[in-house]
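Can you read through this structure? Questions will come right after.
Each reported figure results from applying straightforward, stated rules to the coordinates on display, with no laboratory input. Computed from a predicted model, the values in this text were never measured in an experiment. Counting neighbours? That spans all protein chains shown, and the Cβs are built from the backbone with ideal geometry, glycine included.
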Amino acid sequence: MNLTDTGGWTLSEHCWVTGCVALSGRVVEHHLGYRAERAVIRELRLGVATHLAARKLDVLGHLIEQLEQRYQAPVDAGLRERELADRILMSGFKSRVPAVPLMSLQEPWRLA
């Protein structure tokens, strides 16, 4: 089930987080996308898979806090993604991933 809404965000049961990144310095475009000397995450948005796995609002709130602290960028809760996850679950869909996976064990980076 892959859909794209009018805002350009990918709506999929496999999409955990999407976002915007600012590239600077020398930026090279190639067939797989872009490479740059520097990249800064500007915004993150929770995806459908996150809403399928994290159903409790307090869990989502804690996740948003952790992402904002780790990446020093605002996190949009993704209300449209939440609504789509609700519809998917009401149709009888059973998520194969019952919880949000641990993504990294490295220490978060900080802006100097």
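Give the shape of the range 2-90 as rounded, prolate or oblate, defined through the alpha-carbon gyration tensor: a ≥ b ≥ c are the square roots of its eigenvalues, a/c under 1.5 means rounded, and otherwise the shape is prolate if a/b is larger than b/c and oblate if not.
Cα axes put the range 2-90 in the oblate bin.
Something else now. Can you give the charge dipole size of the range 2-90 about its Cα centre, rounded to the nearest 20 debye, using +1 on the beta carbon of Lys and Arg and -1 on the beta carbon of Asp and Glu?
In total the dipole reaches around 180 debye.
Based on the mean of other Cβ atoms within 10 Å per residue, sort peptides 17-26, 47-56 so the most packed one is first.
47-56, 17-26
Now a separate question. Along the positive direction of the dipole of the range 2-90 (beta-carbon charges: Lys, Arg +1; Asp, Glu -1; about the Cα centre), which of 27, 72, 49 reaches farthest?
The listed residue farthest towards the positive side: 27.
Between residue 83 and residue 24, with labels modelled 7 Å along Cα→Cβ, what's the label distance in nm to one decimal, could you check?
A separation of 3.6 nm, rounded to one decimal place.
Whose amide H sits under 5 Å from the amide H of residue 17, counting only residues 5 or more places off or on another chain, with H placed in the peptide plane?
Placed amide hydrogens put 47 under 5 Å from residue 17.
Evaluate E = 1/(1 + (r/R0)^6) for residue 65 and residue 38, where r is the Cβ-Cβ distance and R0 equals 35 Å; express this FRET efficiency to the nearest 0.05.
It comes out at approximately 0.85.
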